[in-house]
Amino acid sequence: MRHLKMDVLRELQERGEVQKVHTKRQISHAETSKPGKPKKPESSQTQGSSLTDAWVWRFTQTARSNPLPTEPTDAEPPAVVLEKSEPKTHLMMYPVPENNHLNTRRRNARPAKEKRDRAWATEIRKVMSEGAKEARASSNVA
């Protein structure tokens with residue numbers, strides 16, 4: 001919420017797209033009490049609703065008359081077209097991080113864990129490919 005109030009709305013105000021407007025708003029007694037702590041009814045409090053100050057943001061007329069562009073302009077850079085590349089391996093997608101931050105015991109145990117994880121990933125890939133072959137075979141039969 002802070003980013004919206006402090007950065008976004010201030011930027012829009014500097015551009016002249018929004019402005020802060022002071023109004024009086026009616027609020028009910030339920031809105032004034034804190035959630036979780038019911039207030040005791042006092043004779044001095046007025047029943048019903050009361051007026052309070054409210055600062056609200058409103059769009060200016062210039063912002064309404066200048067809608068966002070629907071078509072790309074020449075000033076915008078062209079979309080980047082990604083070339084198809086070879087499928088990445090698990091190790092390429094998730095490289096092994098450096099283990100300098102580990103203590104000696106964990107650093108020495110890390111290679112065994114990495115070997116176990118690679119074996120698990122290989123087994124998962126093999127099972128998935130077998131499942132895909134079975135699914136294709138069963139869909140061809142039916």
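Within 12 Å, Cβ to Cβ, of Ile124, how many net charges do the neighbouring residues add up to if Lys/Arg are +1 and Asp/Glu are -1?
Combined, the nearby Lys, Arg, Asp and Glu give 0.
How high is the FRET efficiency between Tyr94 and Ile27 when r is their beta carbon distance and R₀ equals 35 Å, given to the nearest 0.05?
0.05
Taking K and R as +1 and D and E as -1, what net charge do the other residues with C-beta under 15 Å from the C-beta of Lys133 add up to?
Overall, the nearby charge balance is +1.
No lab work stands behind these numbers, since they all come straight from the coordinates. On a predicted model such as this, the values are computed, not experimentally measured, just so you know. Positions of Cβ are backbone-derived with ideal geometry, glycine not excepted, and every protein chain shown enters the neighbour counts.
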